[in-house]
Amino acid sequence: AEEVYVQMDKNTAASEQDQDYAKRLTQLIFDGTVHYWEENAPPAYNLRMRLTENYLIYFSYLREGISDNYEFCRAERAIERAATVCSQSSKILANILARNDIPAHIVGLEGHVVTRALIDKASDTWWILDADYGVVIEHDIGDIESNPQLIREAYAAQGYRENFIDTLVGIYDPEDNQT
């Protein structure tokens, strides 16, 4: 977690551009977390709220019989845990981008969650960032929904197999997507 904290802010001393920062941060979150979100996970993963963090949520687990894992909105706490799924990775990414003056939104796809970020304010250029898979798609969600094939190159460049990319193409289809 400490290694991620040191690298997660925009490097203003080196005049890091928003595009470069978004790429670096997406990869950093991917590299700094592990995709793991199973029910009854080992306690070391801290997927459920601890009593010392929020007793109201903790006791609601006990009282209501809730077995869901808890997602944090604050990036540091989620990074400290290190176990994420797409929605948690997207929350981490959007939180850090916003702190660094880059507007970002969570996009819920049919079976996956990604981050939409304003990469260039002057030209109103938005990209889709998938921190769960370490992928940057240099297109906005509207363009991708019109042509989901646009994602192929970005996921292939990260080393994902064709059959996995085929599944993602179906997920990026516009039906039931939400921002």
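Tabulated results
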read-out: Student exercise, the range 114-155 dipole from Lys, Arg, Asp, Glu Cβ charges, in Debye to nearest 20; value: 60 debye
read-out: Mean Cβ count within 10 Å, highest first, over the residues of peptides 119-127, 20-28, 135-143, 87-95; value: 87-95, 20-28, 135-143, 119-127
read-out: Cα shape, the range 84-148, gyration tensor, a/c 1.5 rule; value: oblate
read-out: Portion, in percent, of the accessible area of the range 74-166 that falls on carbon or sulfur, probe 1.4 Å; value: 46 percent
read-out: Ordering of 2-12, 102-112 by packing [mean C-beta count within 10 Å, highest first]; value: 102-112, 2-12
read-out: Per residue accessible area in Å² of the range 101-179, where ligands, DNA and RNA are left out and the probe is 1.4 Å; value: 49 Å²
read-out: Projected label distance in nm at Glu2 and His105, using a 7 Å step from Cα toward the beta-carbon; value: 3.9 nm
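The values are calculated or read from the model by the stated rules, or taken from the named source; none is laboratory data. Just so it is clear, the model here is predicted, and its values are computed rather than measured. With ideal geometry, Cβ positions are generated from the backbone for all residues, glycine too; neighbour counts draw on all protein chains shown. Just the protein is used for accessible areas: all its heavy atoms, side chains included, with ligands, DNA and RNA removed. Shrake-Rupley method; radii C 1.70, N 1.55, O 1.52, S 1.80 Å.
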